[in-house]
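Asks: Have a look at this one.
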Amino acid sequence: MRTILKKLLLNLENHILNSIKTPCYICYEELLENNLKLLDYVQKKSGAKIILALKGFAMWSTFPLVSKYLHGCTASGLYEARLAHEEFKKEVHTYSLAFKDEEIDEIAKISNHIVFNSPNQLLKYAQRVKNINPNISISLRINPEHSVSPEEIYNPCGIYSRLGTTIKNFDEAVLEHIDGLNFHALCEQGADKLEEVLIVFEENFAKYFKNLKYINFGGGHHITKEGYDVDKLIKLIKKFKIKYDVEVYLEPGEAVGWQTGVLVSSVLDIVDNQMKIAILDTSAEAHMPDTLAMPYRAEVDGASVANDKKYTYRLTGNTCLAGDIMGNYSFDEALKIGDKVIFLDQIHYTFVKSTTFNGIKLPSLAIINKENKLKIIKNFGYKEYKNRLS
Ligand SMILES: *Cc1c(COP(=O)(O)O)cnc(C)c1O
């Protein structure tokens, strides 16, 4: 995937890179479709249905393409459910940690599946959502209590987790209301970790599967990452479906947007304080927040780790946060003011989280279509900053 992205970038450089107003996220339709085709292969081979987790990737201008392959979206509340309903127009699965009286009716109207986090919430709202939408499927998110996530901040099954119902808190009164059960226990993980979770999940909960129509295996399956064991995933799903006679859903976010595009920025200034520091017109804090939260180091096109190539710089953001730093990178040639710096793999969990912190401009959203044409989908400006303040 990475090689393909680099090749496409070269095409872009020759043609249009210099005309792009930065900062700008660019999603490559071809790479997105490659991911979708692989996910569709999993669907066809395993019989599972795959839906998009909007939390990780919500570039709705691509939904006409995404909806050709995936069955719908998973939403985490009213706004994501509305976006799925209005723009994706297939199945809407809405989960919330806690639904509110003033939103539950509208959610019920536009959702095909509603997933509650606790028996308390489920028993409170089950009848109400059925009255509004008799066809709605009701599910409970359970917590399999098997922790495999690498980082605590992304661990849905960590200590004191509020995400999902543990076997201890399971209330059999929900059984007459539910058609399915959900779990979401993985984060950027392989099929071997899913296998581990399934063992614990089945051990504790299989006794409740009898009248269920589906089990949702959540997200965090790194299906489109090089080296992911797709055949193992397919085997696990098929085995599960046969054993329990249920539909299986997967709801990845990251795997949909994985390695599908870049964030292009420009060098605004270079200062020197015991090392060269390049100031870019983007921000780690505002535009690529997972690089600070996870944390991870974003790859930069043409760059290597510090001191590997001839010219080393600290790449930094244009906000006043001292820690707004992408990291130290080295280049074959000295950076100049106006040069473009391109961060790779900046589509999933980036623009869905971006902010106007410190009055910084939101990056534009663009697509390179399959004819290699750049389309700027959206530009943002002062009004986005002002409108969310008062
Ligand atoms: C975040 C989330 C997903 C998607 O996870 P990825 O790691 O992006 O695949 C799926 N389901 C639920 C309930 C989530 O919270």
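The values are calculated or read from the model by the stated rules, or taken from the named source; none is laboratory data. Computed from a predicted model, the values in this text were never measured in an experiment. As a convention, Cβ positions derive from the backbone with ideal geometry for all residues, glycine included, and neighbour counts pool all protein chains shown. These accessible areas exclude ligands, DNA and RNA; they are computed on the full protein's heavy atoms, side chains included. Shrake-Rupley method; radii C 1.70, N 1.55, O 1.52, S 1.80 Å.
Asks: Does S137 satisfy the condition of being open to solvent by 10 Å² or more (accessible area, probe 1.4 Å), within 16 Å of the ligand (Cβ to nearest atom), over 21 Å from Y214 (Cα atoms) and not β-branched (V, I, T)?
Replies: For S137, the condition - open to solvent by 10 Å² or more (accessible area, probe 1.4 Å), within 16 Å of the ligand (Cβ to nearest atom), over 21 Å from Y214 (Cα atoms) and not β-branched (V, I, T) - is not met.
Asks: Given the structure, is K340 surrounded by 15 or more Cβ atoms within 10 Å (Cβ to Cβ), at negative phi and without any contact (Cβ under 8 Å) to a residue 24 or more places away in the chain? Quick ask: steps written out before the conclusion?
Replies: Numbers: surrounded by 15 or more Cβ atoms within 10 Å (Cβ to Cβ): yes; at negative phi: yes; without any contact (Cβ under 8 Å) to a residue 24 or more places away in the chain: no.
The answer is no for K340.
Asks: Next up: Out of everything in region 246-277 that is of a type in the set (A, V, I, L, M) and buried (at least 24 other Cβ atoms within 10 Å of the Cβ), what residue ends up being farthest from the ligand (Cβ to nearest atom)?
Replies: V264
Asks: If you scan region 177-192, which residues turn out to be open to solvent by 30 Å² or more (accessible area, probe 1.4 Å), within 21 Å of S46 (Cα to Cα) and either in contact with a Leu (Cβ under 6 Å, 6 or more places away or on another chain) or more than 15 Å from the ligand (Cβ to nearest atom) (or both)? Reasoning before the result, please.
Replies: Taking region 177-192 and keeping what is open to solvent by 30 Å² or more (accessible area, probe 1.4 Å), we get 177, 184, 188, 192.
Next, only the ones that are within 21 Å of S46 (Cα to Cα) stay: 184, 188, 192.
Of everything in region 177-192, just one residue is open to solvent by 30 Å² or more (accessible area, probe 1.4 Å), within 21 Å of S46 (Cα to Cα) and either in contact with a Leu (Cβ under 6 Å, 6 or more places away or on another chain) or more than 15 Å from the ligand (Cβ to nearest atom) (or both), namely D192.
Asks: Next question, about the same structure. So which of I237, I199, I242 ends up being in contact with a Gly (Cβ under 8 Å, 6 or more places away or on another chain) and more than 13 Å from the ligand (Cβ to nearest atom)?
Replies: Working: I199 fails: in contact with a Gly (Cβ under 8 Å, 6 or more places away or on another chain); I242 fails: in contact with a Gly (Cβ under 8 Å, 6 or more places away or on another chain).
Residue meeting the stated conditions: I237.
Asks: Assuming V174 fulfils every condition listed in (1) at pLDDT 95 or above; (2) within 12 Å of the ligand (Cβ to nearest atom); (3) crowded, with 17+ Cβ neighbours inside 10 Å apart from one, which condition is it?
Replies: Checking V174 against (1) at pLDDT 95 or above; (2) within 12 Å of the ligand (Cβ to nearest atom); (3) crowded, with 17+ Cβ neighbours inside 10 Å, the one that fails is (2).
Asks: What are the residues in region 219-245 that are open to solvent by less than 10 Å² (accessible area, probe 1.4 Å) and touching a residue at least 40 places away in the same chain (Cβ under 8 Å), if any?
Replies: Those that are open to solvent by less than 10 Å² (accessible area, probe 1.4 Å) and touching a residue at least 40 places away in the same chain (Cβ under 8 Å): G219, I223, T224, L233, I237, F240.
Asks: Taking region 209-218, which residues are within 16 Å of the ligand (Cβ to nearest atom) and either over 13 Å from the mean Cα position of the chain (by Cα) or open to solvent by 10 Å² or more (accessible area, probe 1.4 Å) (or both)?
Replies: Initially, region 209-218 is screened for residues within 16 Å of the ligand (Cβ to nearest atom), giving 214-218.
Answer for region 209-218, where residues must be within 16 Å of the ligand (Cβ to nearest atom) and either over 13 Å from the mean Cα position of the chain (by Cα) or open to solvent by 10 Å² or more (accessible area, probe 1.4 Å) (or both): Y214, I215, N216, F217.
Asks: Continuing with the same structure: Give me the residue from region 145-156 that is within 13 Å of the ligand (Cβ to nearest atom) and either touching a helix residue (DSSP H, G or I) at 6+ places or on another chain (Cβ under 8 Å) or not assigned by TED's automatic domain parsing to the domain that holds N204 (or both) and, out of that set, least open to solvent (accessible area, probe 1.4 Å).
Replies: Restricting to residues being within 13 Å of the ligand (Cβ to nearest atom) and either touching a helix residue (DSSP H, G or I) at 6+ places or on another chain (Cβ under 8 Å) or not assigned by TED's automatic domain parsing to the domain that holds N204 (or both), the top hit is V148.
Asks: Return the residues of region 355-375 that are of a type in the set (S, T, N, Q), assigned to a loop (DSSP other than H, G, I, E, B) and either under 19 Å from the mean Cα position of the chain (by Cα) or under 26 Å from N387 (Cα atoms) (or both); say none if nothing qualifies. Working first, answer last.
Replies: Within region 355-375, the first condition is being of a type in the set (S, T, N, Q), and the residues that meet it are 355-356, 358, 364, 369, 372.
Restricting the remaining residues to those that are assigned to a loop (DSSP other than H, G, I, E, B) gives 355-356, 369, 372.
Of everything in region 355-375, those that are of a type in the set (S, T, N, Q), assigned to a loop (DSSP other than H, G, I, E, B) and either under 19 Å from the mean Cα position of the chain (by Cα) or under 26 Å from N387 (Cα atoms) (or both) turn out to be T355, T356.
Asks: I'd like to know if region 324-335 contains one or more residues that are at negative phi, of a type in the set (V, I, T), in the same structural domain as S19 (by TED's automatic domain parsing) and not in a strand (DSSP E or B).
Replies: No, region 324-335 contains no residue that is at negative phi, of a type in the set (V, I, T), in the same structural domain as S19 (by TED's automatic domain parsing) and not in a strand (DSSP E or B).
Asks: Considering only residues that are in contact with a strand residue (DSSP E or B) (Cβ under 7 Å, 6 or more places away or on another chain) and within 21 Å of I215 (Cβ to Cβ), look in region 55-80 and name the one that is surrounded by the fewest Cβ atoms within 10 Å (Cβ to Cβ).
Replies: Applying the filter and picking the extreme gives S76.
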